[in-house]
1. Search the stretch 51-64 for residues that are under 20 Å from Arg123 (Cβ atoms) and touching a residue at least 12 places away in the same chain (Cβ under 8 Å) and pair each with any residue that is open to solvent by less than 50 Å² (accessible area, probe 1.4 Å) and part of a loop (DSSP other than H, G, I, E, B) when their beta-carbon atoms are under 9 Å apart and the residues are at least 6 apart or on different chains.
2. Can you pull out the strands (runs of 3 or more DSSP E) entirely within the stretch 1-120 that have at least 1 residues that are closer than 22 Å to Asn203 by Cα?
3. Quick one: how many residues across the stretch 121-159 are under 22 Å from Asp100 (Cβ atoms), touching a strand residue (DSSP E or B) at 6+ places or on another chain (Cβ under 6 Å) and either in a helix (DSSP H, G or I) or not β-branched (Val, Ile, Thr) (or both)?
4. Just a yes or no: is a residue in the stretch 214-221 modelled with pLDDT of 95 or more and open to solvent by less than 10 Å² (accessible area, probe 1.4 Å)?
5. Every residue in the stretch 176-197 that is polar (S, T, N, Q) and in contact with a Lys or Arg (Cβ under 7 Å, 6 or more places away or on another chain), please.
6. Which one of these is touching a helix residue (DSSP H, G or I) at 6+ places or on another chain (Cβ under 8 Å), of a type in the set (Val, Ile, Thr) and under 25 Å from Gly24 (Cβ atoms): Ile135, Ile211?
7. For the stretch 166-180, which positions are surrounded by fewer than 24 Cβ atoms within 10 Å (Cβ to Cβ) and under 18 Å from the mean Cα position of the chain (by Cα)?
8. Return a yes/no flag: does the stretch 38-60 have any residue that is surrounded by fewer than 16 Cβ atoms within 10 Å (Cβ to Cβ), within 30 Å of Lys110 (Cβ to Cβ) and hydrophobic (A, V, I, L, M, F, W, C).
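The values are calculated or read from the model by the stated rules, or taken from the named source; none is laboratory data. The shown structure was predicted, so the numbers you read here are calculated from the model rather than taken from an experiment. Methodologically, a virtual Cβ is constructed for each residue, glycine included, from the backbone with ideal geometry; neighbour enumeration extends over all protein chains shown. Just so you know, the surface numbers come from the protein's heavy atoms only, side chains and all, with ligands and any DNA or RNA stripped out. Shrake-Rupley method; radii C 1.70, N 1.55, O 1.52, S 1.80 Å.
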Amino acid sequence: MKSVLVSKLLTPAQKGLLINAGVGMVEWDAIKKQPIEFELPQEPFDSLIFTSSFAIQHFFSVCPPSGFATKKVFCVGSKSASLLKKYGLQVLEVAKNAEDLGQIIGSHHKEGSFLFCMGNLRRQELPHLLKENNIRYKELIVYRTSLHPKSFDQEFDGILFFSPSAVESYMAKNTMGTSTVFCIGSTTAGEAQKHTQNIIISNKPTVENVIVQVVKYVKDNHSFKPSKDYEIPPY
């Protein structure tokens, strides 16, 4: 029987995509996110940076969006962009991952001053690019992420990962074995690549698109055996 491990809890609609394809699943919350108290810095800024929808939701649950209507907003992912637009904010740039966003800011928005709202386990790529381009920014931690490792006594045909931290959480007590790994983006794939080469990266950084890749893989291969037709894109 085809079986996959999903490293987060899915919505009923997301589960349905797998169930309708005949794929059995085990859900596991690989990481825990906890909102924390924060205070805005005293220094003025004209732009906001978000790399997760969780940061957006908590930030604007504390700070009314109306107070940031004149700010430019930069984010990662179409889900985050849609959420920001619902708050009535001006989304100036959207990128597939944090590194791409840093390159866009470094190339086209050097004169701005930024507040980067993030979790405690944020990656280094974006801050490195901002510093490299002498861009003025402040970091504001609005939530904490902790790993939630769990040992599994079976090897799954496929494993779905949605963040580098989820990969770390899984590897704390398990091995990849021969599982085919499905990743939400190149940054997550970069962490997975430390442990396996059987990786497929989604076309878009959404949970739904990761699931679509699983369904397509099963349909094309009739199994989860690694195929030479699926190669890791450069990143």
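1. Matching pairs, first to second residue: Thr51/Gly77; Thr51/Asn97; Ser52/Gly77; Ser52/Ser163; Ser53/Gly77; His58/Ile36; His58/Phe38; Phe59/Phe38.
2. So the answer is 3-6, 24-27, 47-50, 72-76, 90-95.
3. Total satisfying the criteria: 7.
4. Yes, because at least one residue in the stretch 214-221 is modelled with pLDDT of 95 or more and open to solvent by less than 10 Å² (accessible area, probe 1.4 Å).
5. First pass over the stretch 176-197, keeping only residues polar (S, T, N, Q): 178-180, 186-188, 193, 196-197.
Within the stretch 176-197, just Thr187 meets the criteria.
6. Going through Ile135, Ile211 in turn, the sole match is Ile211.
7. Glu168, Met171
8. Checked the stretch 38-60: at least one residue is surrounded by fewer than 16 Cβ atoms within 10 Å (Cβ to Cβ), within 30 Å of Lys110 (Cβ to Cβ) and hydrophobic (A, V, I, L, M, F, W, C).
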